Amino acid sequence: MIETIENQTSGKQENPTAKNFPAFFSCWDIHAYYGESYIVQGVSFDVREGEVVALLGRNGAGKTSTLRTIARTADPQLKRGEMWLDHQALHEMPSHKAAQSGVALVPEDRRIIPGLTVEENLKLAQIAEPCGWAIERIYEYFPRLAERRTQEGITLSGGEQQMLAFARALARDIKLLMLDEPFEGLAPLIRNEISKIVLDIKNLGITTIIVEQDAMAVLKLADRAIILDMGKVVFNGAAEEVRTNKELREQYLAV
């Protein structure tokens with residue numbers, strides 16, 4: 001049966017304070033704005049440790065805004081609600097403290113630093129977070145980056161830049177990895193490589209939330225799917241339910 005989420009802001013949900021916090025990561029009734037624009041409208045969901053969740057929806061549904069709110073970026077601004085990661089109150093933190101607490105957002109534009117080599121990009125990520133993965137361990141999972149360790153990061157192909165963005169996140173000590181459109185603009189062969197990396201990360205038990213416009217591709221990797229529509233959660237259930245329910249996909253994902 002499809003679990004459709006209704007009346008999210010009714011006040012009937014229990015606030016997941018640190019002492020009764022049931023999940024590894026939890027959003028509780030979060031509301032966020034870009035200026036006067038009300039983008040995230042009472043989103044609530046939990047993620048278990050080691051779970052991979054696909055955060056889906058049409059363009060403008062609030063997916064990226066939700067990730068940015070969790071990462072505590074300057075925009076959108078969180079106006080109400082709570083976010084807990086491993087009993088830490090993310091909603092009380094600025095972005096750098098959220099990052100130090102284990103939140104890593106790999107944005108759609110990847111943000112590879114110009115003028116730095118592949119290895120320098122990785123080492124820069126480790127300066128403030130020396131407890132992350134060692135460089136050589138990263139290269140074991142990303143052999144293509146090892147081959148290009150002395151090449152300037154922004155001269156890599158799109159797929160290689162995506163690998164570098166993943167690797168740079170893992171270079172820190174992370175608890176929650178968030179990927180925004182990891183397959184965007186990539187050729188099918190490279191998308192397959194990126195999918196394998198996502199599965200490798202999943203097998204390591206890293207808790208992951210993926211926003212991806214190609215719903216069918218990410219549903220193959222995810223344990224669970226959450227669908228947003230107009231800034232609200234309208235579905236929260238098994239990824240397989242979305243894959244096999246054409247009516248649901250057509251209504252909310254146009255696929």
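The values are calculated or read from the model by the stated rules, or taken from the named source; none is laboratory data. Here the structure is a predicted model, which means the values were calculated and not measured. Don't worry about glycine lacking a Cβ; one is built from the backbone with ideal geometry, like all the others, and counts go over all protein chains shown.
Residue 209 falls short on exactly one of the conditions (1) over 14 Å from residue 106 (Cβ atoms); (2) crowded, with 22+ Cβ neighbours inside 10 Å; (3) β-branched (Val, Ile, Thr), and that condition is (1). Here the range 203-255 is the region considered, the condition is being in contact with a helix residue (DSSP H, G or I) (Cβ under 7 Å, 6 or more places away or on another chain) and basic (Lys, Arg), and the residue that is farthest from residue 39 (Cα to Cα) is 243.
Quick check: anything in the range 202-213 of a type in the set (Asp, Glu), more than 14 Å from residue 51 (Cβ to Cβ) and assigned to a helix (DSSP H, G or I)? No, the range 202-213 has no match at all. Among the listed residues 57, 50, 62, identify the single one that is surrounded by 23 or more Cβ atoms within 10 Å (Cβ to Cβ), under 27 Å from residue 160 (Cα atoms) and either free of Cβ contacts under 8 Å to residues at least 40 places away in the same chain or in the same structural domain as residue 232 (by TED's automatic domain parsing) (or both). Among 57, 50, 62, only 57 is surrounded by 23 or more Cβ atoms within 10 Å (Cβ to Cβ), under 27 Å from residue 160 (Cα atoms) and either free of Cβ contacts under 8 Å to residues at least 40 places away in the same chain or in the same structural domain as residue 232 (by TED's automatic domain parsing) (or both). Based on what the data block shows, is residue 132 in contact with a Leu (Cβ under 6 Å, 6 or more places away or on another chain) and not assigned by TED's automatic domain parsing to the domain that holds residue 210? The answer is no for residue 132. Taken over the range 158-201, the criterion of being assigned to a helix (DSSP H, G or I), basic (Lys, Arg), touching a residue at least 24 places away in the same chain (Cβ under 8 Å) and over 16 Å from residue 124 (Cβ atoms) is satisfied by 191 alone. Could you go through the range 32-47 and let me know if any residue there is surrounded by fewer than 18 Cβ atoms within 10 Å (Cβ to Cβ), closer than 25 Å to residue 86 by Cβ and either in the same structural domain as residue 225 (by TED's automatic domain parsing) or at pLDDT 95 or above (or both). No: the range 32-47 contains no residue that is surrounded by fewer than 18 Cβ atoms within 10 Å (Cβ to Cβ), closer than 25 Å to residue 86 by Cβ and either in the same structural domain as residue 225 (by TED's automatic domain parsing) or at pLDDT 95 or above (or both). Residue count for the range 86-114, restricted to those that are closer than 15 Å to residue 29 by Cα and crowded, with 16+ Cβ neighbours inside 10 Å: 2. Regarding residue 117, is this residue surrounded by fewer than 18 Cβ atoms within 10 Å (Cβ to Cβ), β-branched (Val, Ile, Thr), touching a helix residue (DSSP H, G or I) at 6+ places or on another chain (Cβ under 7 Å) and not assigned by TED's automatic domain parsing to the domain that holds residue 199? When the stated conditions are applied, residue 117 passes them.
Looking only at the range 169-188, filter to residues that are of a type outside the set (A, V, I, L, M) and modelled with pLDDT of 90 or more; which one of those is farthest from residue 51 (Cα to Cα)? If we take residues in the range 169-188 being of a type outside the set (A, V, I, L, M) and modelled with pLDDT of 90 or more, then 188 is farthest from residue 51 (Cα to Cα). Has the range 72-82 got at least one residue that is hydrophobic (A, V, I, L, M, F, W, C), in the same structural domain as residue 165 (by TED's automatic domain parsing) and modelled with pLDDT under 95? No, that holds for no residue. In the set 187, 254, only one residue is under 20 Å from residue 143 (Cα atoms), of a type in the set (A, V, I, L, M) and outside the structural domain of residue 118 (by TED's automatic domain parsing); that residue is 187.
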